[in-house]
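Nothing in this text is a laboratory measurement; each read-out follows from the coordinates by a stated rule. These figures come from a predicted structure and were not determined experimentally. Neighbour counts are summed over all protein chains in view; Cβ atoms, including those assigned to glycine, are modelled from backbone coordinates with ideal geometry.
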Amino acid sequence: MDFTYDKEQTALRDAVRGILGESAGNREKITSSEPGWDREVWGGLAEMGLLGLPFDETYDGAGATATEVGIVAQEIGRILAPEPFIDVVVGAGELIADAGTDEQKQDLLPKIASGELIAVIAHNEARAPHGTVAYGVTATSADGGWTLDGVKEPVRHGGVADVLIVSAKDGDATRLFVVDATADGVTRTTYATPDDGYAARIVFAGAAATPLGDAGEAALAAAFTRLQTAYGAEALGAMEVSVETTVGYLKTRKQFGVTLSKFQALTFRAADMYTSLELARSISLWATMALAENGPDALVASRLQAEIGRTARHISQESIQLHGGIGVTAEYSIGHYAARLTVLERTLGTEAYHVAQVADGIADRGIVELLH
Amino acid sequence: MDFTYDKEQTALRDAVRGILGESAGNREKITSSEPGWDREVWGGLAEMGLLGLPFDETYDGAGATATEVGIVAQEIGRILAPEPFIDVVVGAGELIADAGTDEQKQDLLPKIASGELIAVIAHNEARAPHGTVAYGVTATSADGGWTLDGVKEPVRHGGVADVLIVSAKDGDATRLFVVDATADGVTRTTYATPDDGYAARIVFAGAAATPLGDAGEAALAAAFTRLQTAYGAEALGAMEVSVETTVGYLKTRKQFGVTLSKFQALTFRAADMYTSLELARSISLWATMALAENGPDALVASRLQAEIGRTARHISQESIQLHGGIGVTAEYSIGHYAARLTVLERTLGTEAYHVAQVADGIADRGIVELLH
Amino acid sequence: MRLALSAEDAQLQQELREFFTTKVPQEIRDTVRSGGELTKEQIIEAQRVLNAGGYAVPNWPVEWGGKGWTPQQRHIWLDEMQTAGVPAPLAFNASMVGPVIATFGSQEQKERFLPATANLDIWWCQGFSEPDAGSDLASLRTTAVRDGDEWVVNGQKTWTTLGQYADWIFCLVRTNPDAPKKQQGISFLLFEMTTPGVTVRPIKLIDGGYEVNEVFFDNVRVPADQLVGEENRGWDYAKFLLGNERDGIGATGSTKLRLQVVKEHASLPLADGSRLIDDPAIAARFASLENQLLALELTALRVAGSSKDGKPDPVSSILKLRGSVLIQEVSELAVDVAGGDVLAGGAGDDSDVPSWAGDSVPTYLNLRKVSIFGGSNEIQRTIIAGTILGL
Amino acid sequence: MRLALSAEDAQLQQELREFFTTKVPQEIRDTVRSGGELTKEQIIEAQRVLNAGGYAVPNWPVEWGGKGWTPQQRHIWLDEMQTAGVPAPLAFNASMVGPVIATFGSQEQKERFLPATANLDIWWCQGFSEPDAGSDLASLRTTAVRDGDEWVVNGQKTWTTLGQYADWIFCLVRTNPDAPKKQQGISFLLFEMTTPGVTVRPIKLIDGGYEVNEVFFDNVRVPADQLVGEENRGWDYAKFLLGNERDGIGATGSTKLRLQVVKEHASLPLADGSRLIDDPAIAARFASLENQLLALELTALRVAGSSKDGKPDPVSSILKLRGSVLIQEVSELAVDVAGGDVLAGGAGDDSDVPSWAGDSVPTYLNLRKVSIFGGSNEIQRTIIAGTILGL
């Protein structure tokens, strides 16, 4: 097992840090109106080849692994970059690459890679339990084609997406469909999310749809695992900066005539935050390597989510508390990190959900064998 | 609602503190061999009328309520008095008073009150879940009498008891029986408990038994509630002294040239211990009053147990940690408090068990109405 | 030791319950229940209903509208009010400046301010915290210099809650910069927010809302008769005020209501017909929080009334410390109950996502403040360790 | 970034697994697995088996029996050993005094001590802590005064683990009381426990067992050639030693084994046929601990080898801190799984209560030590805050 980045990976990290860093100062302005991210930055990411990072070269991709994806995701997390890299490239993009027909791949992936097409998964439904089952959208086959009826919401970046990968009921099964988001029968209402982004309510009324290969719940589950791994890396980046920012604050902020770093009760809590961070880093890197080498494994992803969830709560809560009053203001960054971490953790199942997933069948499992 | 002791109650507390305090210095010697408590102190408690405290005056009791019992229990907890007041008087004694026949009450209660008779409940069985069901002892009716067969273990003070109140299977039901512990067919093996006491394995082989009135699971459940309330008060006393001792240690122990009280990280933890203690005190006093005024209520007892359990872990773990090395030595008292608290909490259902009891049916309950 | 309420207290409880659930507009109570935000007008309306019924300022001296209640009666009042979803009287008026004026103010000040304060004809805000002082309140730098019959105030306050609604401010100012200790040389001044030289800048919080403000003073001229009590004794009045502020500080009533509402949400069926409340892990969290709240409320009742002579009972630090953590934990549980729906923060009425779910993250983020404002939990631990434990 | 083991490491893993599970007596491994206590003879026997196989002191220089392994290979060795229930080589010998002698000792000392140390022919104990020093190790007061060819040692050590079994002690003594800093003027001395003037007093612990001792020195005369390295440089050697001690400090292998064994106990049916492991709350605790242990082991692997030049990597403080908490939490879970059976602490073989249940509380109590001994968790947080975070 080797946790170190090679030269190319380090170069990738530096390049991503560079391009994202350029626009970091504009975040408040950029996120204050739709789409909530910067099309120029998006174009820059496309030029760097990042928007096709995990796709085959056949489809204008870079053929990179989850490790490289994780590097990008972590940098996104570090500066809370609002660009939808994970949702579009890792979520919809890799799902298409994994489960789409050749034709769909040839049609969609190069456009995603070039930045001209925004595709996202539309699976969420109001008050639906986390999982791969669709309840509120029904697929109907007629005249050799398919139509969808029902509501998906909240769909992150759903308002600006060009293409939606929609989960829908086909009898007892859940199947995935490709839908032109601008077509007749698709009505979208965009609203703000609590982490400075946008999501949409999407109503399908006889909207034309094409099956994504023969993808169903298994393909969606695999997509979730890829997303969870990337979100985990994003969360890691956000937690890393949360700890750095908090430590920096303790070193400079004065109270009662001395810097906060003179208060042992506070520095010990910073030490605990750092400890949590490093443990979460290990499990994030491990889950990323496992995905890269062995492909999606829901148990690995749940272990990751459980640990990231616990750590995100610890770090985001403590980072605000140690900042005191300014920690709860929008002017300071730390609260935005907390907001992002709070939402991220509930995006694909809560901490408790994933602990329960790991607990399921635990009696019949032996000691976790890490090295083999 | 009034949380203050009246004059008599304060006098009772002082008197108990006085008599128990006299022998506190001998604890190590007393507990190092069976029965693990001091018959002289026991006689003193009897003389003070404490061994019949909650019994009717008809049976040489003092007719006192759970409040007075709680005062005694708390003092027992404060100095880890090894005398079996709670198990004998509150456990077996009140169970007999509650469910025994007139004859049984007349026969047994005055002897308990005078200190000449030790009676305990023998319900525990190895690897049985907490509850009121007996699995391992069977009652057989023959010739107008009853005999018991099976094993009870671990039974606290079972080795020195004169009379056992034994739970046994009678068909599908669990019933309670009075058994002469020294009779034929009763074999006892005494061993040490991890909290400086003694318990016994008791084998019944055709042992003669008399039904305790027509007592079954309900009577046992009520006895548990009384015991839990008294154990809760005992735990409160033990936690109180744990906090006091730890605070005292922080004030006097020097490290790096200053007393530990100069280390904010430690004093904050002491503040958290104190906070936990005071919240536990409130719920212990409340549950005691509820028992005194409204009789046994399993939900109230589970709320108490859940809170006491959580607090006992917090306080006992932190009190050892803040003591450092000497905290884990037998020479210092703090570890003995931790041992007692650790065992107490698992004696009648673990914290998790009681949280689950409170959780059961919670959807159908409204806001807890405390004042009415 | 007695559990049951006395007949008198039980009757008071019934009267209050009747009053709160019938006299205060349902719409206001529903909004509170659902965790929504009240308008300024609704807050004023609610307080005037209470004041008309004699229930706005029970802790004041009887001649100014107080009730002479026992601490337990005050607890019943607060608990019935909060669990009925009735907004408590504005703390700045009822718990803070009112008692200070009633205790230390001149007769003229009492007559001028107290009735209007009780009825929320004046909306007060608090000018205590400053940017570089934080938890170290006594390090304040805002100055007031005497000039004839006026004080000239310069400086800046911050974290001024609802300052944007306020008509008047009660303000700690440094009137003697040469005092040997920083706690000395501070005075307690009252002035209108419309006085020339007062500027309010709202601070956006992480939930996107506005409730605290920076308030700047640039040569604000304040009539000398608006100084409360004695010059340079403002720190004493502030301590008295902070002691009163701790009444009801555990906020158990409103947290109980919140928990109950979250439980109702968790008891609704999801798309697959299952209910979160039937998940033992979720139910256990509700049970544990309910128990802890019970312990906290019992503790509030137990220590009520031990605040004497205007000095806060240090045990009230326990209530603030644990009360803030519990309300935060309830809000965290609400986020978990909302699950993936948390994304719908800005969804409108036509959304299928219920508003409580979309509001859950903003509320959770907003409530991080309760362990920081009003004496952070670190300050409370310092008080417990120092004042109670002698460490 | 690479997950899979190299072919070479995978082969080593197989070899080690084969060795540990076939060469070390089953009875010893069963005792470890069940959490029981090994006799002195069993500990010696196990180490001699390892030493015979070349696996007792892999971290030593190759010429003295070391393996020249990579940190990952050392982790594999430790993990396979611990999960197989094989007791690790006595730390005082293998991780502490051995490396010090090998690095700083004279050639004579190396030849005299190292082979016997690797084979546990000499059982070493550690004379570092003193009663009034505690976490402040450098404040030690035990003195050694030169008298001809001997040092005369006076003073007292405490917390001397397994000192009752020891043949020799390595001991920090103050040889220059006038040194300007307390860390200076300390030397590193070796001597036999049977030397006249050495008295051992076992300390009873809260679980009723004996494993640490007070050791008193009353004019103990130690030959001068038993001082390691240079006079007055003992503090440097101690720091080097403490750095080595942190190898495997998270104890993830043995904690994993413990957790697995507790899980097996929770998977047995109770009297009513139910199993605790089927209670979602209990299963969730196992899952959470398993995940946290996984994160800790990954972290140990990630930072392994970053301890260089004899200076401990401060990140190893994370391993000690979290590792001690996790083993304690596993032991707490064991107590909960034992439930009412915890009372049967002293039950014998004829009891129906399984011995693990009766042992659970003593074990839990005993393990409170792991967050105190060897640098308390407070010391670890101080290191993390100071050395890593610069606070």
Rounded to the nearest 10, the angle in degrees between the Cα long axis of helix D:316-338 and the longest principal axis of the Cα atoms of chain D comes to 40
Would you give the gap between the C-alpha center of segment B:75-102 and the C-alpha center of segment A:77-99, rounded to a whole Å? 66
Sort shortest first the distances from residue B:253 to its counterpart in every other copy, using label points 7 Å along the Cα-to-beta-carbon line, and give them in nm. 3.1
Taking B:111, D:182, D:40, B:7 and counting other beta carbon atoms within 10 angstrom, the fewest-first order is B:7, D:40, D:182, B:111
Residues in segment A:55-72 that a label on residue A:114 would reach, taking backbone N under 19 Å of a point 7 Å out along Cα→Cβ: A:55-63
In chain D, what residue has the beta-carbon at the shortest distance from the axis of the rotation relating D to C, and what is that distance in angstrom, rounded to the whole number? D:280, 2
Electrostatic dipole magnitude of chain B [Cβ: Lys, Arg +1; Asp, Glu -1; Cα centre; debye, to 20]: 1760
With point charges of +1 on the Cβ of Lys and Arg and -1 on the Cβ of Asp and Glu, referenced to the Cα centre of segment A:7-117, which listed residue (A:106, A:15, A:84) lies farthest in the positive direction of the dipole? A:15
Let me know the charge dipole size of segment B:219-371 about its Cα centre in debye, to the nearest 20, where only the beta-carbon of Lys, Arg (+1) and Asp, Glu (-1) is charged. 620
How would A:37, D:124, D:69, D:356 line up from fewest to most surrounding beta-carbon atoms within 10 angstrom? D:69, D:356, A:37, D:124
If each of residue C:7 and residue C:52 carries a label point 7 Å out from its Cα toward its Cβ, how far apart are those two points in nm? 3.3
Residue-averaged [θ]222 nm for chain C, counting only DSSP H segments that reach four residues, each worth -39500 (n - 2.57): -13500 deg cm²/dmol
Under 5 Å from the placed amide H of residue A:2, counting only residues 5+ away or on other chains, we find D:2, D:3
Using alpha-carbon coordinates, inclination of helix A:298-323 to the longest axis of chain A, degrees: 40
Of the residues A:132, B:147, D:169, the Cα lying farthest along the dipole of the protein assembly as shown towards its positive end, which is defined by charges on the beta carbon of Lys, Arg, Asp and Glu, belongs to D:169
Among B:211, C:365, A:243, the residue whose Cα sits farthest towards the positive end of the charge dipole of the protein assembly as shown (+1 at Cβ of Lys and Arg, -1 at Cβ of Asp and Glu, taken about the Cα centre) is A:243
Find every distance from the label point of residue C:11 to the corresponding label point in the other copies (7 Å from Cα along Cα→Cβ) and write them in nm, one decimal, shortest first. 9.4
How large is the dipole of the protein assembly as shown about the Cα centre if only Lys and Arg carry +1 and Asp and Glu carry -1, each at its Cβ, rounded to the nearest 20 debye? 4060
Return the whole-Å distance between the Cα centroid of segment A:263-322 and the Cα centroid of segment C:58-101. 45
Label zone at residue C:70 (point 7 Å along Cα-to-Cβ), backbone N below 14 Å, segment B:349-372: B:371-372
How far, in nm to one decimal, is residue D:269 from itself in the other copies if the label point is set 7 angstrom along Cα toward Cβ? Shortest first, please. 3.5
Work out the FRET efficiency for residue B:251 and residue B:367 from their Cβ-Cβ distance, taking R0 = 56 Å, and round it to the nearest 0.05. 0.85
Counting only residues 5 or more places away or on other chains, whose amide H sits under 5 Å from the amide H of residue B:146 once H atoms are built in the peptide plane? B:209
Plugging the Cβ-Cβ distance of residue D:141 and residue A:7 into 1/(1 + (r/R0)^6) at R0 = 60 Å yields, to the nearest 0.05, a FRET efficiency of 0.65
Counting only backbone N atoms under 19 Å from a point 7 Å out along Cα-to-Cβ of residue B:142, the residues of segment B:173-189 in range are B:177-180, B:183-187
For residue B:14 paired with residue A:28, estimate the spin-label separation in nm (one decimal), with each label point 7 Å from Cα along the Cα-to-Cβ line. 6.6
What angle, in degrees between 0 and 90 and rounded to the nearest 10, separates the Cα long axis of helix A:334-347 from the longest principal axis of the Cα atoms of chain A? 40
